Amino acid sequence: MRHKKRYVPLLLMMAPGLLYLLINNYLPMFGLVIAFKKINYSEGILAGIWKGPWVGFDNFRYLFRTKDALLITRNTICYNLVFIAVNTVCAIGLAVLLKDVKNRFISRFCQSAVLFPNFISMVIVSYLVLAFLNTESGFLNKTILPLLGKPGVQWYSTPGYWPFILVLVNLWKNAGMQCMIYLAAVLGIDPQFYEAASLDGAGRFKQLCHITLPAIKPVIVMMLVLSVGKIFYSDFGLFYQVPLDSGILYDVTGTIDTYVFRSLIRLNDVGMSAAAGFYQSFAGLVLVLGSNLLIRRLDKESALF
Amino acid sequence: MKRIGRWMGVVLAGALFLSACAGKQQPSSQAEEKTGENRESLQTETELQEPEIKLTVAFLSWTADPPDLGMVEDALNEILKERIHATVDLMPINGGDYQQRMNLMLQNGDELDLLVTGTGLNYYMQAMTGQLKPLDDLIDGYGSGIKDALGEYLNAAMIPGGSVCAVPVLQSYASATTFVMRQDLLDETGISADEIQTLDDLEKVFAGVKEKHPDMAPVVPESPGGGIFGLGLDVLYDPLGNSLGVLPGYGQTATVADLFETPEYEAWVYRLRDWYLNGYILADAATNNETAADLLAAGRGFGHFTGVAVGAADTAAATYGMPMAAVTFGEPFVSAGNVTTIAWGIAAQSKHPEKAMEFLNLLYTDAGIVNLIDYGIEGVHYVKLSDNVIGYPEGMDPAAHPYNFNLSWEFGNVFLSYVPAGTDPEIWNKSKEMNEKALKSLAMGFVPDVTPISNEIASVTNVAGQYMTILGTGAVDPDEYLPQFIQKLKDAGMDVIVAEKQAQLDRWLKENQ
């Protein structure tokens with residue numbers, strides 16, 4: 001009885017969060033049935049879903065009729081893997097460099113500068129990119145390429161460049177935030193380690209390999225596990241806004257999120273877009289369970305559950 | 001304390017749950033079979049019980065909301081209170097994202113009564129999934145003026161199963177491949193509009209313009225994302241609903257074909273590619289998100305293709321505020337899709353479908369109301385020059401006009417609207433004449449039922465969205481991309497769609513001969 005009383009305030013504090021979780025993350029799950037139904041709106045939205053006839057996997061057929069499902073799955077996973085690798089390496093590199101900036105003002109300035117893109121909306125980012133890549137008046141076609149004596153490039157209709165552009169834009173936008181986390185970890189390392197190492201004659205690189213990286217390894221693993229959990233989700237703005245929804249680029253810019261959105265907008269069929277969404281959730285669940293299983297095999301301490 | 005906390009939690013959860021549900025509740029649609037006889041009594045009844053019925057009217061606009069919209073709305077509501085005991089909330093939605101916003105509003109069940117829909121605005125999909133109310137009974141009860149004005153054309157909006165779910169705007173239905181261009185720049189080339197007979201002639205004009213103005217694109221897209229001329233070609237075709245599986249060659253033969261495999265389409269994309277490489281087409285046409293009006297006003301373009309068959313030059317001149325010339329290629333043509341290009345539907349979630357129909361009926365019968373919405377208040381926003389010609393009031397700067405909607409093509413019976421000075425005053429009579437004499441598709445009145453092929457349509461639509469704009473702006477090499485496009489369409493099930501439409505058309509032709 002005493003125990004119970006002690007937990008009441010804690011439970012009360014947890015209630016709003018749980019309620020939020022329930023409303024935001026659990027109630028919408030009923031919507032999954034839409035993927036298996038044919039909806040008639042004339043009865044009203046809720047009744048239309050409730051009374052609509054079951055159609056089995058009919059809504060999924062269009063997804064697997066073409067290579068679309070394979071393509072968007074490949075894009076989503078591969079881009080995320082590359083993002084994770086590139087962002088982690090660059091963020092750690094930046095953090096290590098920033099640590100050694102001794103001037104307080106310059107250090108603060110650099111930190112703000114790398115963090116700033118994180119706060120810009122993707123719509124604005126897409127126009128910044130457009131300012132570079134515009135066929136007629138873009139910075140690259142108008143200034144840089146003529147300087148190098150090269151002809152202009154049709155950026156928005158040449159799929160080949162986009163894997164690089166997207167990785168670069170993502171890095172520019174997101175590396176800063178990760179860098180801050182690693183910087184905090186790096187600054188937490190006892191300076192005595194470095195002093196001892198330099199006395200023993202270890203150079204910068206040796207210090208990095210034998211002190212810095214081992215010391216922040218737990219942080220790196222945690223960040224990786226968190227990113228892998230989200231590997232089936234893509235940054236909608238990055239893949240939809242930045243390429244300006246250019247049709248010819250769909251093969252390299254289409255991800256599951258943009259596909260669901262386009263299906264809903266273009267086909268006006270909730271059932272079919274719900275089917276694509278269902279596929280994303282299901283594949284995502286399998287992947288999270290799989291990666292967790294793998295991590296547990298390798299290092300039991302790091303596994304999420 | 002503990003007990004209070006627990007109750008608080010329960011109450012809070014309950015309140016949240018209720019408020020979450022309240023937004024989605026749908027009132028059961030009220031008795032639908034109200035006939036003309038008891039209409040009077042019903043009106044007084046509603047007047048007593050519900051003093052204000054407000055209809056939300058969503059429509060497509062290509063300009064920013066004009067500053068005097070509220071003023072015109074008030075004036076309109078004064079009249080409507082008296083005539084139908086209801087008011088309206090005019091909700092213009094920009095054409096750029098009209099379809100997206102409309103899909104979301106219909107799916108969410110937002111407050112909405114009347115909406116603009118049409119062939120290119122997902123009309124058939126909306127009607128087949130029950131997002132629009134079937135209007136047959138409502139038109140019988142409250143829309144006699146609509147019936148009189150439209151006559152046979154009303155049937156063009158029928159969906160498979162025989163219901164009419166939208167009322168077509170009565171306007172010039174004939175379409176023709178037309179190029180509208182700036183008169184001043186055309187004069188510079190020394191070629192007159194009458195001399196231009198074929199697309200090859202037009203090409204010479206482009207060369208002349210390009211020579212004088214190297215920075216200008218002779219051809220710009222009419223609207224964002226649509227390619228140089230939507231799906232258009234100089235030889236028109238009957239889209240049979242959605243342009244996937246069409247009747248090519250003005251719909252004069254009963255053989256359904258994949259448009260993208262036709263020689264007409266091939267010739268068209270190769271021509272566009274040629275133009276593109278010569279710099280005749282706006283370089284970023286495929287991703288451009290400005291309208292032709294903006295591009296022409298900014299001096300970046302010379303002209304654009306459009307489907308307007310009658311008075312294209314006058315309409316363009318009035319819209320863009322500069323002298324325009326127009327040339328038409330091929331024959332004027334009417335298909336069922338043309339009639340329903342712009343049509344008015346009543347949303348399934350509407351709480352007052354009868355009132356909405358009464359308002360719609362006014363748009364087909366009452367010239368005062370139509371012109372009020374089209375042009376604003378007489379004496380304030382326009383002055384009458386003669387019976388049906390209007391001009392700007394003294395001292396009004398057309399560029400800073402406080403009610404510059406230019407939407408006379410959208411509201412009900414277009415033939416009731418005034419004509420701006422400078423436009424041919426006889427334009428509506430000429431349009432009526434053209435509606436009669438234009439080539440008519442032999443599938444006029446046939447609407448395919450796409451339910452059995454909805455999966456194929458979904459896959460094919462996704463493929464088409466990927467290639468249509470990019471090929472339709474000449475931005476890529478057809479040698480490489482056209483065969484790829486056709487193959488992908490086949491993989492996605494284009495042949496199934498063509499076969500199914502052919503079978504349905506054959507059945508329909510047999511029944512209707």
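Listed residues A:Phe57, A:Phe36, A:Phe30; which is free of Cβ contacts under 8 Å to residues at least 12 places away in the same chain and of a type in the set (Phe, Trp, Tyr)?
After ruling out the rest, the residue left standing is A:Phe30.
Would you mention how many residues in region B:297-354 are assigned to a strand (DSSP E or B) and under 30 Å from B:Glu203 (Cα atoms)?
Residues that pass the stated criteria total 19.
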Filter region B:434-479 down to residues that are within 21 Å of the chain's Cα centre (by Cα), under 22 Å from B:Thr340 (Cβ atoms), at the interface with chain A (Cβ under 9 Å from one of its Cβ atoms) and hydroxyl-bearing (Ser, Thr, Tyr), then give me how many there are. 1
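Looking at region B:390-414, which of the residues that are among the hydrophobic types (A, V, I, L, M, F, W, C) and more than 27 Å from B:Gln171 (Cα to Cα) is least open to solvent (accessible area, probe 1.4 Å)? Break it down into steps so the answer makes sense when it comes.
Filtering region B:390-414 down to residues among the hydrophobic types (A, V, I, L, M, F, W, C) leaves B:390, B:396, B:399-400, B:405, B:407, B:409, B:411, B:414.
Now restrict to residues that are more than 27 Å from B:Gln171 (Cα to Cα): B:396, B:400.
On the way: B:Met396: 47, B:Ala400: 68 Å².
If we take residues in region B:390-414 being among the hydrophobic types (A, V, I, L, M, F, W, C) and more than 27 Å from B:Gln171 (Cα to Cα), then B:Met396 is least open to solvent (accessible area, probe 1.4 Å).
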When every residue in region B:457-480 that is part of a helix (DSSP H, G or I) and farther than 23 Å from A:Ser263 by Cβ is compared, the one least open to solvent (accessible area, probe 1.4 Å) is B:Pro478
Could you grab me the full set of residues in region A:114-132 that are farther than 20 Å from B:Ala286 by Cα, assigned to a helix (DSSP H, G or I) and either in contact with a Phe, Trp or Tyr (Cβ under 9 Å, 6 or more places away or on another chain) or touching a residue at least 24 places away in the same chain (Cβ under 8 Å) (or both)? A:Val114, A:Leu115, A:Phe116, A:Pro117, A:Asn118, A:Met122
Which one of A:Leu63, A:Leu32, A:Leu70 is away from every other protein chain (no Cβ under 14 Å) and of a type outside the set (Val, Ile, Thr)? A:Leu32
Cβ pairs under 7 Å, 6+ apart or interchain, first in region A:5-21 and within 9 Å of chain B (Cβ to nearest Cβ), second open to solvent by less than 90 Å² (accessible area, probe 1.4 Å) and part of a helix (DSSP H, G or I), ordered by first then second residue, are A:Val8/B:Gly5; A:Leu12/B:Gly5; A:Ala15/B:Gly9; A:Leu19/B:Ala13; A:Leu19/B:Leu16
Flag for B:Asn429 being in contact with a helix residue (DSSP H, G or I) (Cβ under 8 Å, 6 or more places away or on another chain), more than 25 Å from B:Gly95 (Cβ to Cβ), open to solvent by 10 Å² or more (accessible area, probe 1.4 Å) and part of a helix (DSSP H, G or I): no
Filter region B:241-289 for residues that are open to solvent by 50 Å² or more (accessible area, probe 1.4 Å) and of a type in the set (A, V, I, L, M, F, W, C) and give the result. B:Ala267, B:Leu277
Just to be sure I understand, how many residues within region B:102-124 are surrounded by fewer than 20 Cβ atoms within 10 Å (Cβ to Cβ) and either within 10 Å of chain A (Cβ to nearest Cβ) or free of Cβ contacts under 8 Å to residues at least 24 places away in the same chain (or both)? 3
Residues within region B:73-101 that are under 23 Å from the mean Cα position of the chain (by Cα), among the aliphatic types (A, V, I, L, M) and either modelled with pLDDT under 90 or crowded, with 21+ Cβ neighbours inside 10 Å (or both), tallied: 1
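The values are calculated or read from the model by the stated rules, or taken from the named source; none is laboratory data. Model, not experiment: these values are computed from the prediction. With ideal geometry, Cβ positions are generated from the backbone for all residues, glycine too; neighbour counts draw on all protein chains shown. Note: accessible area is taken over every heavy atom of the protein model, side chains too, but ligands, DNA and RNA are not part of it. Shrake-Rupley method; radii C 1.70, N 1.55, O 1.52, S 1.80 Å.
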